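Following: one structure in structure tokens, then a few remarks.
We did not get these values from a lab; they are worked out from the coordinates using the rules stated. None of the values given here were measured: they were computed from a predicted structure. Here the Cβ positions follow ideal geometry from the backbone for every residue, glycine too, while neighbour counts run over all protein chains shown.
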Amino acid sequence: MSTTLATPPQAAATAVQDRDARLLAISRGESIPTETHPSIANQAPVVEVENFNLWYGQKQALYNISMLIPKHKVTALIGPSGCGKSTLLRSVNRLNDLLSTVRIEGNMRLNGDPIYHTSVDVIELRKRMGMVFQKPNPFPMSIYENVVYALRIDGERNRAVLDEVCERSLRGAALWDEVKDRLKESALGMSGGQQQRLCIARAIAAEPEVLLLDEPCSALDPIATGKIEDLIQELRGSYSVLIVTHNMQQASRTSDFTAFMYLGRLIEYGPTQDIFTKPLLNETEDYVTGRFG
Amino acid sequence: MTKHIFRQIDALKQQILDVGTLVEESISRAISALINRDSALAQRIIGDDDVIDHMEVEVEEECLKILALYQPVAADLRFVVAALKINNDLERMGDLAKNIAKRAVWLGKRDPIDLPIDFRQMAMQVQNMVKQSLDAFVTASPAIARQVRAEDDEVDECRSRIRDQIMKLIELRPERTEYLLKLNSVSKHLERLADMATNVAEDVIYMVEGEIVRHRSNDE
């Protein structure tokens, strides 16, 4: 018996034709238009991506990506390994600049300001964004110093300000109650889940305009993952979050919007509820239901 | 893991079809028992309803298991949700067939009266709707499902004509009021069966297209 239960024969024929046409275009190395759900256009953007292309040497990794990342919402990037979701995330704070072979075309804007422009001071730009990586990377210093690090290097000396930011950020990262009595202890003595929440606290201490999370739970157990996911829910409304995740349930649980990428193209982008209940494209449907990818 | 969910979903589909087949048979036999005044057949239908009830519980448990273990999304999620609701409607259809059979037992013990009322046309149309709604499910066809929705209005009209005729007959033959009221309830049960078939059709449209079309006309 067929496992494509819910597609009527006639509609299936048309959809497959479209999908075949898209896959053929991809195999020829062309970019394809993104199926962006109309409700995205109503969102105020924090980051705008316009016709963005990226090459690693000769190999093109991103093809003509255009999307707006809504302000104060959680947006998830999903897709099979190698589809370009981490590359796209790292392009937002220009981490890819550190690789000499990378070449880009197109534009990105952070709250209206160009991200890729010769006049942009990359260090200043990165201060406006927070980033959390797959593996927790606390600095080898105390919990307190980890959180206030960004303020310290920015020259902040006022103890009261530092204390206030430390407490607010640790509370924001749902870590305060667990560590308030050992702020002077080394961050390296914390559990993996705590370390990752510390990294989030460190990232939000500088009040970033966008928080970039690159598979923040992939090295954590289910309990620690649950805490980070709760935290992402808490951050919604106050912070704009862009998260790359391999875990589709995590995308569906934590995000407001989901973008599905495949082979360097942004295939479909819409409200998470729609992507996981009634996606518009067969490729998205096949990926989220585990039929391909 | 993903292959497991596909197998489970195929098995669930087969289970729904098994319940659907039993319910279809039950309805057909109940109508036949009514028309042919066959009390023995009607009694068997009443007894067989337990089998449908039992299967309904099994299907529901299967749906819950798939939801809990595999957290399906998109088409798979819509399929399991539709299966849960269709399962419920099928069980209700089984109950309605049983109710018709009970009326058939009662009516079969009384003297018939010559009536200008013909249940056959309504019964045939309802049976056809039930069959089509299950066909729509099997073939995942919103076109067939929309046809079922359109037919429901015709059955409603038929039911209201029969009720008017019965009311007039009660005035003419008040001594047969109870008999006539039982007939009226048969037509009501048939009309409810058509409603249930319409529910199934609407669930099929949701399953395929992801749109909830209840409380909306076919044109909207």
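Key figures for this structure:
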item: Rg to Rh, two decimals, where segment A:63-182 supplies the alpha carbon set and Rh follows Kirkwood; result: 1.01
item: Neighbour count of at most 12 Cβ within 10 Å plus DSSP loop: longest trypsin sites (Lys or Arg not before Pro)-free window in chain B; result: B:1-108
item: Calculated log₁₀ intensity ratio I(q)/I(0) where the Debye formula runs over C-alpha points of chain A, q = 0.16 Å⁻¹; result: -1.28
item: For segment B:1-125, the fraction of alpha-carbon pairs in successive 10 Å shells from zero, as %; result: 13, 36, 24, 16, 9, 2, 0
item: Principal axis box of segment B:2-209, alpha-carbon based, largest edge first, Å; result: 66, 33, 20
item: Spherically averaged projected area in nm², based on the convex hull that wraps the Cα atoms of segment B:127-220; result: 6.3
item: Among beta bridges that DSSP assigns inside the protein assembly as shown, antiparallel share in %, nearest 5; result: 55
item: The protein assembly as shown, Rg to Rh (Cα coordinates; Rh as Kirkwood inverse mean 1/r); result: 1.15
item: Between 0 and 90°, nearest 10: helix A:159-172 axis offset from chain A longest Cα axis; result: 40
item: Given 14 as the ceiling on other Cβ atoms within 10 Å, longest exposed-site-free region of chain A for trypsin sites (Lys or Arg not before Pro) in DSSP loops; result: A:29-156
item: Within segment A:92-170, chymotrypsin sites (Phe, Trp or Tyr not before Pro) in DSSP loop having at most 12 other beta-carbon neighbours inside 10 Å; result: none
item: For A:S240, residues with placed amide H under 5 Å, excluding near neighbours; result: A:H72, A:L211
item: In segment B:173-211, GluC sites (Glu not before Pro) in a DSSP loop with at most 16 other beta-carbon atoms within 10 Å; result: B:E211
item: 10 Å Cβ neighbours from other chains, averaged over peptide B:8-21; result: 1
item: Computed [θ] at 222 nm, helices only, for the protein assembly as shown once each DSSP H run of length n ≥ 4 contributes -39500 (n - 2.57); result: -19500 deg cm²/dmol
